[in-house]
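Worksheet for the structure shown next.
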Amino acid sequence: MPTGLELQPHAAAVLGAALKAEQVPSHAYLLAGPAGTGKRAAAREFAAELLSRDSSDKASVRARVEHGTHPDLTWVAPSGAHEMLRRDVDDAVVAEAARTPFEASFRVFVLERTETMNDETANSLLKTLEEPPAYVVLLLLSDRPGQVLPTIASRCQLVRFDPPAPTALAEDLAGRGLAPETARACASLALGDGERALALAFGDGPRLRAQAEAFARAPLRGDAAARAWVPLLDHARRAGMAAKEATMARLAEELEFLPRKEHRRRETEFTDRARRAERRAETGAVDHALQLAGLWYRDLICVLAIAPELLHHADRTAELAEDAQGRDTAALRSAVELVEETRARLALNVSYELACEALSYRLERLLA
Amino acid sequence: MKISTKRDALFTQLQTVTRAASTRSAVQTLSGVLLVAEDGRIEMRATDMEIGLRVPLEGEVQRPGSLVLPARLLVDVVRALPGSDVSLELRGAEQDVEIRAGAATFHIRTLRAEDFPPLPEVDADGQVSVPARAFVETIQKVARSASRDETRPVLTGILVSASEDSLRMVATDSYRLSVKETQLEAPLESGFEANVPARALQELARIVGQTETESLVASVRSNQVVFEADGVVLSSRLIDGQFPNYRQLLPDSYEHSLELVGAEITEVVRRISLLAQKNAPLRLAFSEGELTVSARTPDVGEASETVPVPFAGEPLEIGFNPDFLRDGLEAVDSGDVALKLISPLRPGLIEAADGSGFLYLLMPIRLNV
């Protein structure tokens, strides 16, 4: 069994069986489960085991897989702001899969965020996914397996990654010195994503929660004009800048080792990539804030239904109770839908400012 | 690690090995050259994860070890070094290499040697020794027909098959097909067949071209092919998948078979092609005893030239891509060319008339008028 999969019985059973000596692994796996459940680590571990199978120097293979420098491991992350583009897979996967391994007996291709593949990308990948050469193993990763195109999912063996139970997550957070109520709230708001729970509990997390809460509560008071979305968007912009800077820092590092004639091409490529990374990080931050706001309305419904055990914002019961007074469940349900609609629209390159403003006034009209 | 060597030897070998160093990979180490000094021998290695090169270097090993240096920078530095002798020494504490030549001293930071993948060893099993010249000439005949379109990976390779007494290479990009069969003077001990990336073979041809070596050792394994010539070892991944059955593509018989003077017809095609721009076809109009080659680019101009040819029968007009036609004619390079045709919409065949075993099948372009 690959190490690190103690909490993932299904993944351990499927991947472990494939790694047994003399076993031929399936040609494609879909590693599906919420973020923070260890899919990436499992994919890397699986690759390390498989690629070192016939190697005389297993430690070196493992180290190079860790560094991402093994010639028979290809790692593909979507380069589009919100989707995996055809050019992400054409050269790296479709063309490369036809080339035999460089040193191992297998070639492993890992594709992250498979659900962001558009139809064109999926079509270009289909043939490779359906009948790859015998040495190819594809590992597709997805946080939202429900959104993976059925044509893709049906060609893979499913490997399920279960979210940790909220109680276990809360205990973990409490163990790190968080008040039990807050720990429960963060664990529950993370919707099964361990990393997100940590991010919500420490660092910028509490501030983000406060901002999202303010955004959700303003329309309830008929106070959309207070522009509660401004701090949210500032936060998102900072996240975007950080992502952009990280990409440009990588470029600076690479340029040192490239011949001068390659510089311009690389620079254009990275500027492009940085712009997308910025947009992706911004969307991620706005989306997260809206998700928290949506959960606030959902919690109000729970309060009205007298189901306090289902609350996500478990440490804000007094505020929730105050907001819930005299509310109409149907209106709140529409509010949740409005928030979800706006979230879905974020991927379409809308202006965040306008989207949030429009949402805020719509909510006000609905709720105040 | 510490070695000393001649500047010129280092520069020459470095230029060879650097061709395999990666210029595009995100892995820094691969833009470097690995120097290995052990058992009194020095070897330089580079790879871009597609092909790998191992090049020996004459010199003295004072202290064994290995290190990776950025390839382009090293080439530039060695080219500029004064004097005839060079010494390289790894300085462990500073994580850099001291290069000394004459009164000049360079300190260059090393790259992570742990990230450098192992390159295959040449092992005695399954080796086939082939004549170097014949091999390289065969590559040069067919390489231009290999596809550059990565969406059909199988066509980006050259199918190399060696049987007891002949060597055959086939390449096609689905518009044209080149086949070259070379008879070997001395029979091989065993044969092999592999679809080798065209780029690997072109690098091999370049390397062998620079040496005087007479024979070339090839060994094909399940996943790799390894060539050795004059101490230089080139390894490459193979291409998996079914290569088109080229025999099925060659027509059984032809309506017309003309013998042309190679140099003359090549010149005519070159000339007239100048006015076949923007994807315009080159027209070959055959009539009793003559051939008119013409081309027309709208808004630019037109050209035509008539040459006498031994053509008999109903007139025939056929269009070809000018570049592809020229590639085929040039590959025949000397001697007479046999041009075989069936009809305007069936492929034409260019063949070396001296029976040297070169075939070039070319798809026509449909002419609208």
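The values are calculated or read from the model by the stated rules, or taken from the named source; none is laboratory data. Fair warning: this is a prediction, and the values are worked out from it, not measured in the lab. Here Cβ is always computed from backbone atoms with ideal geometry, including for glycine, and neighbour counts include all displayed protein chains.
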Requested in this report: Inspect segment A:139-159 for any residue being away from chain B (no Cβ under 14 Å), out of contact with any Ser or Thr (no Cβ under 9 Å at 6 or more places or on another chain), assigned to a strand (DSSP E or B) and more than 30 Å from A:GLU282 (Cβ to Cβ) and give the result as yes or no.
Outcome: yes
Query - Count of residues meeting criterion [touching a strand residue (DSSP E or B) at 6+ places or on another chain (Cβ under 6 Å), at pLDDT 90 or above and not β-branched (Val, Ile, Thr)] in segment B:261-272 - result: 0
Query - Condition check for B:ALA218: surrounded by 14 or more Cβ atoms within 10 Å (Cβ to Cβ) and touching a Phe, Trp or Tyr at 6+ places or on another chain (Cβ under 6 Å) - result: yes
**Report entry** Answer from A:GLY80, A:GLY36 - the residue that is of a type in the set (Gly, Ala, Ser) and over 20 Å from A:GLU195 (Cβ atoms)
**Finding:** A:GLY80
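Please go through segment B:212-226 and pick out each residue that is of a type outside the set (Ser, Thr, Tyr) and either in a strand (DSSP E or B) or within 14 Å of chain A (Cβ to nearest Cβ) (or both).
Those that are of a type outside the set (Ser, Thr, Tyr) and either in a strand (DSSP E or B) or within 14 Å of chain A (Cβ to nearest Cβ) (or both): B:LEU216, B:VAL217, B:ALA218, B:VAL220, B:ARG221, B:ASN223, B:GLN224, B:VAL225, B:VAL226.
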Requested in this report: Quick one: in segment B:1-31, of everything that is of a type in the set (Ser, Thr, Tyr) and at pLDDT below 90, which residue is surrounded by the fewest Cβ atoms within 10 Å (Cβ to Cβ)?
Outcome: B:THR23
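In this structure, is B:ILE139 outside any loop (DSSP other than H, G, I, E, B) and farther than 26 Å from B:SER219 by Cα? If you could, list the steps in order and put the result at the bottom.
On the way: outside any loop (DSSP other than H, G, I, E, B): yes; farther than 26 Å from B:SER219 by Cα: no.
No.
Among the residues of segment A:60-87, write down those that are assigned to a loop (DSSP other than H, G, I, E, B) and at the interface with chain B (Cβ under 9 Å from one of its Cβ atoms). I'd like the intermediate steps shown before the answer.
If we filter segment A:60-87 for residues that are assigned to a loop (DSSP other than H, G, I, E, B), which is where we start, we get A:68-72, A:77-83, A:85.
Selection gives A:GLY68, A:THR69, A:HIS70, A:PRO71, A:ASP72.
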**Report entry** Among (1) without any contact (Cβ under 8 Å) to a residue 40 or more places away in the chain; (2) away from chain B (no Cβ under 14 Å); (3) part of a helix (DSSP H, G or I) - the single one A:GLY177 does not satisfy
**Finding:** (3)
Query raised in the report: Is it true that some residue in segment B:199-211 is within 14 Å of chain A (Cβ to nearest Cβ) and either within 24 Å of B:PRO120 (Cα to Cα) or in contact with a Leu (Cβ under 7 Å, 6 or more places away or on another chain) (or both)?
Result: yes
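Right, A:PHE106: buried (at least 16 other Cβ atoms within 10 Å of the Cβ), touching a helix residue (DSSP H, G or I) at 6+ places or on another chain (Cβ under 7 Å), modelled with pLDDT of 90 or more and within 14 Å of another protein chain (Cβ to nearest Cβ) or not? Spell out the reasoning first.
On the way: buried (at least 16 other Cβ atoms within 10 Å of the Cβ): yes; touching a helix residue (DSSP H, G or I) at 6+ places or on another chain (Cβ under 7 Å): yes; modelled with pLDDT of 90 or more: yes; within 14 Å of another protein chain (Cβ to nearest Cβ): yes.
Yes, satisfied.
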Requested in this report: Quick one: count up the residues across segment B:318-348 that are in a strand (DSSP E or B) and touching a Ser or Thr at 6+ places or on another chain (Cβ under 9 Å).
Outcome: 6
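Is segment A:18-28 home to any residue that is basic (Lys, Arg) and touching a residue at least 24 places away in the same chain (Cβ under 8 Å)?
Filtering segment A:18-28 down to residues basic (Lys, Arg) leaves A:20.
Applying the additional criterion that residues be touching a residue at least 24 places away in the same chain (Cβ under 8 Å) yields none.
The answer is no, given that none of the residues of segment A:18-28 is basic (Lys, Arg) and touching a residue at least 24 places away in the same chain (Cβ under 8 Å).
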